[in-house]
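Below is one structure, written out as structure tokens; the observations come after it.
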Amino acid sequence: MAAHSVDTDVIIVGAGPVGLMLAGELRTGGARVTVLERLAEPTTESRASTLHARTMEIFDQRGLLDALGTVPNDMVGHFGGIRLDFSGLDSRYRGQWKVPQACTEQLLGSWAVGLGAVVRRGHDLVGLRQTESGVEAEAAGPGGRVRIRAAYLVGCDGENSAVRRLADFAFPGMDATRELLRADVAGIDVPNRRFERHERGLAIAHRRPDGVTRVMVHEFGRAAPARAGEPEFAEVAAVWARVTGEDIGAGRPIWVNAFGNARRLAERYRSGRVLLAGDAAHVQMPVGGQALNLGLQDAVNLGWKLAAQVRGRAPAGLLDSYHDERHAVGRRVLTNIEAQATLLLGGAEVEPLRAMVAELLGHDEVIAQLAGMISGLDVRYPDGSDAPLLGGRVPHWELTTETGPSSTAELLRTGCGVLLDSAAGLPAGAVAGWADRVRMVSTATPHGLGSPFELAGTAVRAVLLRPDGHVAWVDDGTTHFRAALHRWFGAPNP
């Protein structure tokens, strides 16, 4: 059947959580979006079930938490299987929030489609061509082939990304040398285990309220085999028996998979008009839910910048800042995951190292450092200056505005930049030329009108926020206000 054509601003390949988060962000920024997904139906598998504090803050900034409902929260996490306390995080969402990936995907899908994103399921990307003015994708779908033209295309299609392959992105790193086997099993009765180390391996088990038990097991010294597909449940049961001495072979497997300590990072997150986000840009062992959260935060960094680009409002270099900012974050996360994989999957040879790390985790400074890194709260995008307050995320501030009570999260929900002035010291027309991109809010802090905001222990009276909630300017005398507006929001309107 002959292909027919569709035009849009941005094509997203992959309708997992990262692709759907990006679709919602682009629509919030006013860009037309078409999402291509090879699966005919949304996944029911919940590979990742942890949302970290920074992701929860982002969901709050987009007004998504009410739809998420009541979510279980665990203040105790781990670093390489060693207990790590998240209760001291500087966030109203401290801890680890337990949300099945299928629920996260459903939430983000409803949001993106509700904003006008078009999702084409059952469409497998088979061709990709760039030109000076745009990109053309060809997909095989249930009604035949379709060609879609757009200004940009983003691959959010996972670790085996077709976009990455077709656009010839370099993807250096290493393949898995060790792996964890994982299965959701009904009809078994084994003790709950949290990173329980046995003589022959590592065993993890958690029985859910519905009676299904998720088991994960690694046999020390067992190399990761080359796999063409997912393992059989019989293999999981055999390894479980060798490690724990328990027989789970009579259970009914609902889902079985394996994941290893592969580590790869795209050399660039952008090649012309094609970009990568999520596992298409970085492959890592999904320790502690960091992979999903890393990808969602990629999407939030990229979405407002790409929307500005396709709408002709982006200043020079804005879209390139996506790679500059997120590639460094990805590299750092992959490093901490590799360290955790060593602690988690190593045998007797890593016990001295585990003992030393456990001792260090008795110190508040170490806990704060590792918990801040894993949760994403410590991410700061350097701006090339010596201004220490720029680039970090804004904390949750309760505010009083001219229209009543509000908060930083609520003010960011439009997807625009926000200028907060607590002292009414800036002229009323300070953002007049950027009023379609930046909202100026004269606000009283909880301490009263004229009282400063506290940002990283420093008092400031005015703060300019990017649409992703990161700080673009503060009135500390180190950066110029109009220069920050030009840098992040482009030229003013006449």
Working only within segment 450-494, note down all residues that are aliphatic (A, V, I, L, M), within 22 Å of Met56 (Cβ to Cβ) and in contact with a Phe, Trp or Tyr (Cβ under 7 Å, 6 or more places away or on another chain). Val463
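For segment 212-329, which fully contained strands (runs of 3 or more DSSP E) count at least 1 residues that are closer than 25 Å to Phe195 by Cα and among the aliphatic types (A, V, I, L, M)? Let's see the steps before the verdict.
Numbers: elements: 213-219, 252-260, 263-265, 274-276.
In segment 212-329, 213-219, 252-260 are the strands (runs of 3 or more DSSP E) which contain 1 or more residues that are closer than 25 Å to Phe195 by Cα and among the aliphatic types (A, V, I, L, M).
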Any residue in segment 371-386 that's part of a helix (DSSP H, G or I): show its pairings with residues that are aromatic (Phe, Trp, Tyr) and at pLDDT 95 or above at Cβ separation under 9 Å, as long as the two are six or more apart or on different chains. Ala371/Phe79; Ala371/Phe86; Ile374/Phe79; Ile374/Phe86; Ser375/Phe86; Ser375/Tyr93
Can you find a residue that is in contact (Cβ under 8 Å) with a residue 24 or more places away in the chain, of a type in the set (Lys, Arg) and either surrounded by fewer than 20 Cβ atoms within 10 Å (Cβ to Cβ) or on the phi < 0 side of the Ramachandran plot (or both) anywhere in segment 468-486? no
Kindly indicate whether Val333 is in a helix (DSSP H, G or I), open to solvent by less than 10 Å² (accessible area, probe 1.4 Å) and among the β-branched types (Val, Ile, Thr). no
So Ile11 clears everything in (1) open to solvent by less than 40 Å² (accessible area, probe 1.4 Å); (2) closer than 30 Å to Asp378 by Cβ except one condition, right? Which one? (2)
Can you tell me which residue within segment 402-450, out of those that are closer than 26 Å to Gly24 by Cβ and small (Gly, Ala, Ser), is surrounded by the most Cβ atoms within 10 Å (Cβ to Cβ)? Gly417
Top-ranked residue of segment 119-148 - restricted to ones that are at pLDDT 95 or above and more than 13 Å from Leu36 (Cβ to Cβ), ranked as least open to solvent (accessible area, probe 1.4 Å): Gly134
Enumeration of residues in segment 53-88 that are in a loop (DSSP other than H, G, I, E, B), touching a residue at least 40 places away in the same chain (Cβ under 8 Å), open to solvent by 20 Å² or more (accessible area, probe 1.4 Å) and closer than 27 Å to Met356 by Cα: Gly88
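Mind listing whichever residues of segment 170-208 are outside any strand (DSSP E or B) and within 19 Å of Ala348 (Cα to Cα)?
Our first condition is that a residue be outside any strand (DSSP E or B); within segment 170-208, this holds for 170-172, 175-178, 187-192, 198-200, 208.
Across segment 170-208, the qualifying residues are Thr177, Arg178, His198, Glu199, Arg200.
The values are calculated or read from the model by the stated rules, or taken from the named source; none is laboratory data. Just so it is clear, the model here is predicted, and its values are computed rather than measured. Note: ideal-geometry Cβ built from the backbone for every residue, glycine included; neighbour counts use all protein chains shown. Heavy atoms of the whole protein, side chains included, go into the accessibility calculation; ligands, DNA and RNA do not. Shrake-Rupley method; radii C 1.70, N 1.55, O 1.52, S 1.80 Å.
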